[in-house]
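Each value in this text was obtained by applying a stated rule to the coordinates, not by laboratory testing. Worth saying up front: this structure is predicted, and the values here are computed from it rather than measured. A quick note on method: Cβ atoms are made from the backbone with ideal geometry, for glycine too, and the neighbour counts reach across all protein chains shown.
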Amino acid sequence: MIVDLVLGNAKAYIDNEIVDCSLAIEEGKIFKIGKKKLMPKAETKIDLKNLLVLPGLIDAHVHLRDEGKAYKEDFYSGTAAAAAGGITTVLDMPNNNPVTMTTETLRTRMKIAERKVLVNVGFYSEFPKNTKEIQEIIREGAVAFKLYMAEQVGGLNIDDDHALVEASKIVSGLKVPVAVHAEDKTMVKRAEEELKRANHNDVEAFLKAHSESVEVKAVKRLLDIAKQTGVHVHFCHTSTENGLKVIVDAKKSGMSITCETTPHNLFLSVDELRRIGTLALTMPPVREKRHIAALWNGIKNSWIDILASDHAPHTLGEKKAKLVWDVKVGIPGLETTLPLLLTEVKCGRLSITHIVRLMSEKPAEIFKLKGKGHLKEGNNADLVVVDLDRKYKMDASQFHSKAKYSPFDGWNVEGKPVKTFVNGRLVMDEGEIVAEAGSGGIIRRG
């Protein structure tokens, strides 16, 4: 037998250990893992020169934009950024233009993406106005629903607990997770109005409006709904000590709850936000150092299930509005996440096991992404090759994303993704995109 590709002289992360091996790939799947002499003949052979091979990373929180927001990012530029960052699967958020919240908007989005993507892309949907459409949206292929609690985005009235319960019951029966942006809308809007009246329009005002209590109140509200309905709630970008504590207590009680945090919430504090300014403004915002310590402790204790970039690209003009309330929140993160984490491996704060668990295994488990998350025979050949010793300075001007800025611009890092394979195809090689638009895949929930 002659297979498509053999990757030789690899150090691969398999079953919680790093082993010397070769990998044979056939028709987009891992065909065989073993010694070099046991490998079948191949059309193409690549010597990996003892570099580390990890399961392709899964970023479960990405805003790929496109459609009416294509000027910020499109499916090609966003998935190029993912491939450059060693990320082989992304889950796309629904706050688009138009909002992804019907079978029609989801179908259209998938059709546009098919022609452009370089990695695997799955899609969230917002809740539709008519809850009877929920099942149709899942049938169309949405991997999960998203619920923004800080502002009205989708068709479901977020101020109506009864509506939230009824929608959650349907989703619970379909065994589909609901990812939640947990900030209380009423508290945020009231604080914003008071601060605006007092002519407070800077970063400090934004931090006051998006306080820890805003997150905690929304978390508690959603946990109450989860208790009534049994729906699996996944809390996005958890950012506060008390927010995490409430989530952990719910998990310990046996509830079907998972949570994520982001690299910017782990690596940036309000001190950096004040220094960098609105380029580092996100929602929820970065916090004081006690919150950062609590999040790192959450990773150490496996209370935090996954890491996700919350890649949210905007134009520079949108990031530099005069009034903080007019600034578009969010930062690009697809190309900075893995280097930041690998640097922490060098420092001893993280292990390779942490990275694989947080960004491959658990996302695949939570969102039921079959054939992903592990390097094993029969699984999809999604993998990233990493040079742990490569030292360099991150340069946002060289991003593949349309957003050429980052609060991590100029940071020195150690450890770099040097090759990314998606479904057995080499997509990124030494920072260059070497595959054609449309070579990635669209993930539909089974």
How large is log10 of I(q)/I(0) for the range 23-121 at q = 0.13, 0.17, 0.20, 0.22 Å⁻¹ when the intensity is taken from the Debye formula with one equal scatterer per alpha-carbon? -0.59, -0.82, -0.98, -1.11
Contour minus Cα-Cα span, residue 432 to residue 69, at 0.36 nm per residue, comes to 128.2 nm
The range 380-437, convex hull of Cα, quarter of hull surface, nm² -> 4.5
Assigned charges on the beta-carbon of Lys, Arg, Asp, Glu; the range 57-366 dipole about Cα centre (debye): 320
Size of the range 156-292 as Cα extents on the principal axes (Å, biggest first): 47, 32, 21
Distance in nm between label sites at residue 377 and residue 189, each 7 Å beyond Cα in the beta-carbon direction? 5.9
When all Cα-Cα pair distances of the range 197-263 are considered, the percent exceeding 17 Å is 46
Whole-Hz ³J(HN,Hα) from phi, Karplus 6.51 cos²θ - 1.76 cosθ + 1.60, for the range 349-362, glycine and proline x: 7, 10, 10, 4, 4, 4, 4, 5, 5, 6, 10, 9, 5, 5
The set of residues whose placed amide H lies less than 5 Å from the amide H of residue 401, leaving out same-chain residues fewer than 5 positions away, is 81
Full-extension gain in nm, residue 288 to residue 97, via 0.36 nm per residue minus C-alpha separation: 65.4 nm
So if we plug the beta-carbon distance of residue 161 and residue 365 into 1/(1 + (r/R0)^6) with R0 = 30 Å, what FRET efficiency do we get, rounded to 0.05? 0.50
Report, as a whole number in µm² per second, the diffusion coefficient that Stokes-Einstein gives for the range 239-306 at 37 °C and 0.692 mPa s using the Kirkwood radius over alpha carbon pairs. 264
Rounded to the nearest 0.05, what FRET efficiency do residue 351 and residue 224 give with R0 = 25 Å and r taken as the Cβ-Cβ distance? Could you check? 0.10
Ranking 92, 4, 161 by Cβ neighbours within 10 Å, fewest first, what do you get? 161, 4, 92
Under the 0.36 nm per residue contour assumption, what length would be gained going from the current alpha-carbon distance of residue 27 and residue 9 to full extension? 4.4 nm
Once whole DSSP H runs in the chain are found, which of them have Cα atoms spread over 15 Å or more along the helix axis and a mean Kyte-Doolittle score of at least 1.0? 337-347
Taking N as the number of residues in the range 57-366, the ratio of its alpha carbon radius of gyration to 2.2 N^0.38 Å works out to 0.94
Computed [θ] at 222 nm, helices only, for the chain once each DSSP H run of length n ≥ 4 contributes -39500 (n - 2.57): -9000 deg cm²/dmol
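How large is the charge dipole for the range 144-249, taken about the Cα centre, if only the Cβ atoms of Lys, Arg (+1) and Asp, Glu (-1) carry charge, to the nearest 20 debye? List each step's numbers first, then the result.
Numbers: 14 positive and 17 negative charges, 61 e Å.
Computed about the Cα centre, the dipole is about 300 debye.
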Once normalised by the length of the chain, the mean sequence separation of its alpha carbon contacts under 8 Å that are 6 or more apart gives a contact order in percent of 22
Nearest 5 percent is fine: what portion of the DSSP beta bridges confined to the range 47-199 is antiparallel? 5
Would you please name the trypsin sites (Lys or Arg not before Pro) within the range 204-241 that are DSSP coil residues with at most 11 other C-beta atoms within 10 Å of their C-beta? none
Förster radius 35 Å - calculated FRET efficiency between residue 256 and residue 19 (Cβ-Cβ, nearest 0.05): 0.55
Of all trypsin sites (Lys or Arg not before Pro) in the range 97-169, which ones are in loop regions per DSSP and have a Cβ with at most 10 other Cβ atoms within 10 Å? 115
Note on the range 57-366, DSSP bridge orientation, antiparallel percent to nearest 5 equals 5
